[in-house]
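Notes for the one structure printed next.
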Amino acid sequence: MRRSAFTLIELLVVIAIIAILAAILFPVFAQAKAAAKKTTCVSNMKQIGLSLTMYVNDHDDVFPNRRFEPFGEAADLSNYDQNSWRSVIQPYAKNTQIVECPANPDRDAKGFDPEFGVSYAANFTSVGAAAPTDKGMGLFGQHRSPGVNGSEIERVAELIAITEVEKIPWVTFVVDRNDLSVTWEYGKYRGRTFTNVYGNALFLGHAGQTNYLFADSHVKSMRPTQTYQLGSRNYWYRDASDLSPQGQATLRTAQARIK
């Protein structure tokens, strides 16, 4: 009897075919996985938007501040963020996982809110927010401000409420602080110095785009510089005026990171 077997050439052909199929399919699987994570992120942000809306309805149409002084305690900068917008929407959300994007590499890094990971930050601006009682130009005011009333928003469907971030443990994203440089003293970034902090912290992990939650609770994915256009579009200021030069520089810094 003669025993049949594969020849070396046949084995090599089969291996080559498998390798070609793997090369074709693996990127497809990766794209499908990335799309699923983006969908989950969008769902998270919509739930945040719903929780934020319920909070506003219960507080006379006033949005929460970006952070609050520790309840019942004297002012202490070291723990301001322990009571933030994320804290005050939790009675409505009842889920801490919705503030963590599955695609974000820093989602398990704890921010200044010890119960929340790094993923989402509130739209706050330093323009017009020099004092603790000031609201700034964004949607979330300073820690002692009376809060932004819905009637103050020029275009509710064109004002960013929440954006995605990485690297920074803070509860807010300040678009017009492109000059900020910080040496981190926490987590895996301890000892590293970041320049143009906010431009380098805007999360672009959805194929070069960021998911944004708007004040009317809809979510949209955009590249950084799509969020403003001089003379016609500025999704960062509630009065829809032109974005400051610092803000424009921040978004250009972020845009330049897209591969």
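The values are calculated or read from the model by the stated rules, or taken from the named source; none is laboratory data. Since this is a predicted model, take the numbers as computed values, not measurements. Note that we place each Cβ from the backbone using ideal geometry, even for glycine, and neighbour counts take in every protein chain shown.
Within segment 134-187, being free of Cβ contacts under 8 Å to residues at least 40 places away in the same chain, in a strand (DSSP E or B) and either polar (S, T, N, Q) or on the phi > 0 side of the Ramachandran plot (or both) holds for one residue alone: 183.
Among the residues of segment 128-169, the ones that are surrounded by 24 or more Cβ atoms within 10 Å (Cβ to Cβ) and farther than 19 Å from residue 56 by Cβ come to 3 in all. Would you confirm, using the coordinates I've provided, whether residue 216 is farther than 25 Å from residue 110 by Cα and touching an Asp or Glu at 6+ places or on another chain (Cβ under 6 Å)? Considered against the rule, which asks whether it is farther than 25 Å from residue 110 by Cα and touching an Asp or Glu at 6+ places or on another chain (Cβ under 6 Å), residue 216 comes out as no.
Summed over segment 188-222, residues that are part of a loop (DSSP other than H, G, I, E, B) and either at pLDDT 95 or above or closer than 16 Å to residue 257 by Cα (or both) total 11. Residues that are surrounded by fewer than 18 Cβ atoms within 10 Å (Cβ to Cβ) and part of a loop (DSSP other than H, G, I, E, B) do not occur anywhere in segment 117-127.
Every condition in (1) within 16 Å of the chain's Cα centre (by Cα); (2) modelled with pLDDT under 95 is met by residue 81 except one, and the failing one is (1).
Evaluation of residue 108 against the conditions (1) in a helix (DSSP H, G or I); (2) at pLDDT below 95; (3) exposed (fewer than 13 other Cβ atoms within 10 Å of the Cβ); (4) in contact with a strand residue (DSSP E or B) (Cβ under 8 Å, 6 or more places away or on another chain) shows that the sole unmet condition is (1).
Among the residues of segment 201-215, those identified as within 17 Å of residue 120 (Cβ to Cβ) and not aromatic (Phe, Trp, Tyr) are 201, 202, 204, 205, 206, 209, 210, 211, 213, 215.
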